[in-house]
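Asker: My questions all concern the structure below.
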Amino acid sequence: MAWTFRFLEEIALADIGFEAEGESIEEVFQGATQALLESMANPSTVSDEWEREIERTDADQSALLFDWLSDVVYWKDAAGVVFREAPLTLTREGEVWLLRARLIGAPVDQQTQELHADVKGITKHLYELKQAGNRWKVRVVLDV
Amino acid sequence: MRDATQTRQTIPDMNLNTNMTVNRITDEIWEIPMSEKPDMLVPARIYATKGILQAMDSGVFDQLTNVACLPGIRRYALCMPDGHWGYGFPIGGVAAFDVQDGIISPGGVGYDINCGMRLIRTDLTLADVQPRLEQLMTELFRKVPAGVGASGFVRLSREEFRRVMTHGARWCVERGYGWHRDLVRMEEGGCIEGADPSIVTDHAIQRGINQLGTLGSGNHYLEVQVVSNDRIFDPVTAAALGITGHEQIVVMVHCGSRGFGHQVASDYLKMFEKSMRRYGISVKDQQLACAPFRSPEGQEYFSAMNCAANTAFANRQVITHQIREAFAEVFGRSAEALGMELVYDVAHNIAKIERYPEGDLVVHRKGATRAFGPGSPELPEAFRQTGQPVICGGSMETGSYLLVGTDHAVRDTFGSTMHGAGRTMSRAQAKRRVRGIQLQQQMKQRGILVKAVSMSGLAEEAGLAYKDISEVVESVDRAGITKKVAELRPIGNIKG
């Protein structure tokens, strides 16, 4: 696991901001996903009784990550679940990038899960995916 | 109160979190001139005491002046004293755009469309409630689901959910989740016309269909409060609104349109990002994505936004039904016998068409409340003497306020005022300063019983993360855009 993330303290006072980074574009996707999952619940307190496979393609990596994170927020409400993990791969398929992910979690249970924020949406405020040297980095602000 | 038209005065060394020029108009009104940023079409005005202005984060100045560059904006881009860094528009932002050549922007409304406040009065006193407070809060916590992913007790077919979108709180009253007279005491009667469910995405329906009657998390809450005689500032108006003091118990609700509204906002931000190029609109922040109000995209968003706004009115109405049921069970008398009448329900994240001297304008309020004065023809008879009630939620530790709108607000701020205390500290900073469990214990010692789904979420909402609401309220009272009626002190709080 070569990705990392950190929550940002000085931006978007009422919301949640984080930066994720990794050595590859795939790793930065994984880091940002983990930051989002942890914003909603402590993944270690969530079981694995619910699962959804998701595939997305886009020529633009930044748009692909934004839409994928938005998928996670959508399923939180649509299925009433929080998440344990979301293993994913990112591959180049001709002109587009292909994201294959498994979203794994369980229905919300206030007795057994450590719940955090109810994320409303992924915002484009200060949203930026970039390569700096040999590392990839993304900054995301969640509306909560 | 001073006249807002008096001479501008540049004050050096204001010690603000911006390098921009900020001129004093009055002690509570400050103006950033159009010269401060290329493309500003109008000046930006901030309503605040000098102290609040000095504490405002840099994001407010930058974002407000970005708003002042949007096509069709009229008069000023405004920010209320509870303003702080948001995304696109600042929280506390008010901007009005001409319906003919102006825009509509989901970023000027926010993700939580028609997030708003509701206040319910009772005939109960602190002496009645204190011995049963634990039981009452437990029952309220059970009946009003809160927190991430929570679903409500109302089960809806898609067809029925579409009826909620068009009928708002009226749907609730038809289904027995409220009293007919509740509707008079809501902005727009709890139902905004022009909602078209056919243009709402399946994603939005799927996110919201099971969430009617739920609070959500973040700064959303349900609070049991007390009104003491010494905290009533205008006894005549208070009495007209059903606030009688003598340690009277009232209940405040803060929530919005839940996942449904959040998805509507997301869907149209994405659509507008693409359509802006077609209309030749460029914005200084992607979150200001917008469309001409008269364009097909603009009209579609307005219609979808109204669907979400009506759903929010319905959400707060179902919650009210549950609150009334909880009180009736705990106190063994019907909600009517307990005098649980609605004081008012008002939105603070919305865009609406309103008429001003400039003509019909699309007034965006994002973390700002409509504040029509006694003379406003739009108000129902019940508020023609008092002015429209304005409900401002403070932090869960410090209390909240009931205010009323004024004719000055209609003249000066497109009939708008503040909505709450406003944050001064990020969620991450607040969590470093205090732990949720510790805060819950401290509040219990101070007589405030808190039930929370998330302890980290509780810490994020600590009073230390917010401005002093009394000073924020003083700003708008002295500026004349709302008048203080009563302060409401918390004794029980439910958070997601």
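The values are calculated or read from the model by the stated rules, or taken from the named source; none is laboratory data. It should be emphasised that the depicted structure is a prediction, and the values quoted were computed from it without experimental measurement. Because the Cβ atoms are built from the backbone with ideal geometry, glycine has one as well, and the counts that use them run over all protein chains shown.
Asker: Can you tell me which of (1) basic (Lys, Arg); (2) more than 23 Å from the chain's Cα centre (by Cα); (3) within 14 Å of chain A (Cβ to nearest Cβ) is the one B:ARG446 doesn't meet?
Answerer: For B:ARG446, the failing item is (3).
Asker: Does B:VAL129 count as surrounded by fewer than 24 Cβ atoms within 10 Å (Cβ to Cβ) and more than 14 Å from chain A (Cβ to nearest Cβ)?
Answerer: yes
Asker: Suppose the filter is surrounded by 24 or more Cβ atoms within 10 Å (Cβ to Cβ), assigned to a helix (DSSP H, G or I) and touching a helix residue (DSSP H, G or I) at 6+ places or on another chain (Cβ under 6 Å); does B:ALA308 pass it?
Answerer: Judged against the criteria, B:ALA308 is a match.
Asker: Do we find that B:CYS115 is away from chain A (no Cβ under 14 Å) and more than 30 Å from B:HIS246 (Cα to Cα) in this structure?
Answerer: Criteria not met by B:CYS115.
Asker: Given the conditions (1) over 30 Å from B:GLN440 (Cα atoms); (2) surrounded by 24 or more Cβ atoms within 10 Å (Cβ to Cβ); (3) not hydrophobic (A, V, I, L, M, F, W, C), and given that B:THR166 satisfies all but one, which numbered condition is not satisfied?
Answerer: (2)
Asker: Let me ask something else about it. Take the residues in the range A:113-135 that are crowded, with 24+ Cβ neighbours inside 10 Å and assigned to a strand (DSSP E or B), then tell me which one is nearest to the chain's Cα centre (by Cα).
Answerer: A:ILE122
Asker: While we're here: In this structure, does A:LEU36 turn out to be touching a residue at least 12 places away in the same chain (Cβ under 8 Å), within 13 Å of another protein chain (Cβ to nearest Cβ) and out of contact with any strand residue (DSSP E or B) (no Cβ under 6 Å at 6 or more places or on another chain)?
Answerer: Yes, satisfied.
Asker: From (1) crowded, with 20+ Cβ neighbours inside 10 Å; (2) more than 14 Å from chain A (Cβ to nearest Cβ), pick out the condition that doesn't hold for B:GLY367.
Answerer: Checking B:GLY367 against (1) crowded, with 20+ Cβ neighbours inside 10 Å; (2) more than 14 Å from chain A (Cβ to nearest Cβ), the one that fails is (2).
Asker: Which of the residues belonging to the range B:425-461 are within 24 Å of B:LEU126 (Cβ to Cβ) and surrounded by 16 or more Cβ atoms within 10 Å (Cβ to Cβ)?
Answerer: Selection gives B:LEU439, B:GLN440, B:MET443, B:ILE448, B:LEU449, B:VAL450, B:LYS451, B:ALA452, B:LEU458, B:GLU461.
Asker: Just checking, does the range B:417-434 include any residue being away from every other protein chain (no Cβ under 11 Å), more than 24 Å from A:GLU9 (Cα to Cα) and among the polar types (S, T, N, Q)?
Answerer: yes
Asker: So how many residues does the range B:42-59 have that are touching a Gly at 6+ places or on another chain (Cβ under 8 Å) and free of Cβ contacts under 8 Å to residues at least 40 places away in the same chain?
Answerer: 2
Asker: Looking at the range A:99-129 only, could you name the residues that are more than 14 Å from chain B (Cβ to nearest Cβ) and out of contact with any helix residue (DSSP H, G or I) (no Cβ under 9 Å at 6 or more places or on another chain)?
Answerer: Those that are more than 14 Å from chain B (Cβ to nearest Cβ) and out of contact with any helix residue (DSSP H, G or I) (no Cβ under 9 Å at 6 or more places or on another chain): A:ARG100, A:ARG102, A:ILE104.
Yes/no per residue for (1) of a type in the set (Gly, Ala, Ser); (2) surrounded by 21 or more Cβ atoms within 10 Å (Cβ to Cβ):
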site: B:GLU139; (1), (2): no, no
site: B:PHE161; (1), (2): no, yes
site: B:CYS172; (1), (2): no, yes
site: B:SER198; (1), (2): yes, no
site: B:ASN229; (1), (2): no, no
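Asker: If you don't mind, there's one more thing I want to ask. Quick check on my filter: what residues within the range B:272-299 are part of a helix (DSSP H, G or I), surrounded by fewer than 24 Cβ atoms within 10 Å (Cβ to Cβ), within 13 Å of chain A (Cβ to nearest Cβ) and at pLDDT 95 or above?
Answerer: The answer is B:MET276, and nothing else.
Asker: When the range B:449-465 is examined, which residues are found to be within 18 Å of B:LEU136 (Cα to Cα) and within 14 Å of chain A (Cβ to nearest Cβ)?
Answerer: B:LYS451, B:ALA452, B:VAL453 - these are the residues of the range B:449-465 that are within 18 Å of B:LEU136 (Cα to Cα) and within 14 Å of chain A (Cβ to nearest Cβ).
Asker: Among the residues in the range B:246-265, are any out of contact with any Gly (no Cβ under 9 Å at 6 or more places or on another chain), on the phi > 0 side of the Ramachandran plot and either surrounded by 17 or more Cβ atoms within 10 Å (Cβ to Cβ) or touching a residue at least 12 places away in the same chain (Cβ under 8 Å) (or both)?
Answerer: Yes.
Asker: Name every residue in the range B:338-365 that is in contact (Cβ under 8 Å) with a residue 24 or more places away in the chain, more than 19 Å from B:GLY420 (Cβ to Cβ) and part of a loop (DSSP other than H, G, I, E, B), in order of residue number.
Answerer: Listed by number, the residues that qualify are B:LEU338, B:GLY339, B:MET340, B:GLU341, B:GLU358.
Asker: Being more than 14 Å from chain A (Cβ to nearest Cβ) and within 20 Å of B:ASN23 (Cβ to Cβ): is that true of B:VAL94 here?
Answerer: Spelling it out, B:VAL94 is indeed more than 14 Å from chain A (Cβ to nearest Cβ) and within 20 Å of B:ASN23 (Cβ to Cβ).
Asker: Hey, another quick one. Taking B:VAL226 as the residue in question, decide whether it is in contact (Cβ under 8 Å) with a residue 40 or more places away in the chain and β-branched (Val, Ile, Thr).
Answerer: yes
Asker: For the range B:74-126, what are the residues that are in contact with a Gly (Cβ under 7 Å, 6 or more places away or on another chain), closer than 19 Å to B:GLY399 by Cα and surrounded by fewer than 24 Cβ atoms within 10 Å (Cβ to Cβ)?
Answerer: Answer for the range B:74-126, where residues must be in contact with a Gly (Cβ under 7 Å, 6 or more places away or on another chain), closer than 19 Å to B:GLY399 by Cα and surrounded by fewer than 24 Cβ atoms within 10 Å (Cβ to Cβ): B:ARG121, B:THR122.
Asker: Quick check, is A:VAL138 β-branched (Val, Ile, Thr), at the interface with another protein chain (Cβ under 9 Å from one of its Cβ atoms) and either within 16 Å of the chain's Cα centre (by Cα) or in a strand (DSSP E or B) (or both)?
Answerer: no
Asker: If I filter the range A:79-96 for residues that are within 13 Å of another protein chain (Cβ to nearest Cβ), in a helix (DSSP H, G or I), surrounded by fewer than 22 Cβ atoms within 10 Å (Cβ to Cβ) and out of contact with any His (no Cβ under 8 Å at 6 or more places or on another chain), do I get at least one hit?
Answerer: No.
Asker: Now for a separate question. Which of the residues that make up the range A:9-26 are at pLDDT 90 or above and either more than 7 Å from every other protein chain (Cβ to nearest Cβ) or surrounded by fewer than 20 Cβ atoms within 10 Å (Cβ to Cβ) (or both)?
Answerer: The answer is A:GLY17, A:PHE18, A:GLU19, A:ALA20, A:GLU21, A:GLY22, A:GLU23, A:SER24, A:ILE25, A:GLU26.
Asker: Out of the residues in the range A:27-44 that are of a type outside the set (A, V, I, L, M) and closer than 16 Å to B:SER217 by Cβ, state the one that is surrounded by the most Cβ atoms within 10 Å (Cβ to Cβ).
Answerer: Among them, the one singled out is A:SER39.
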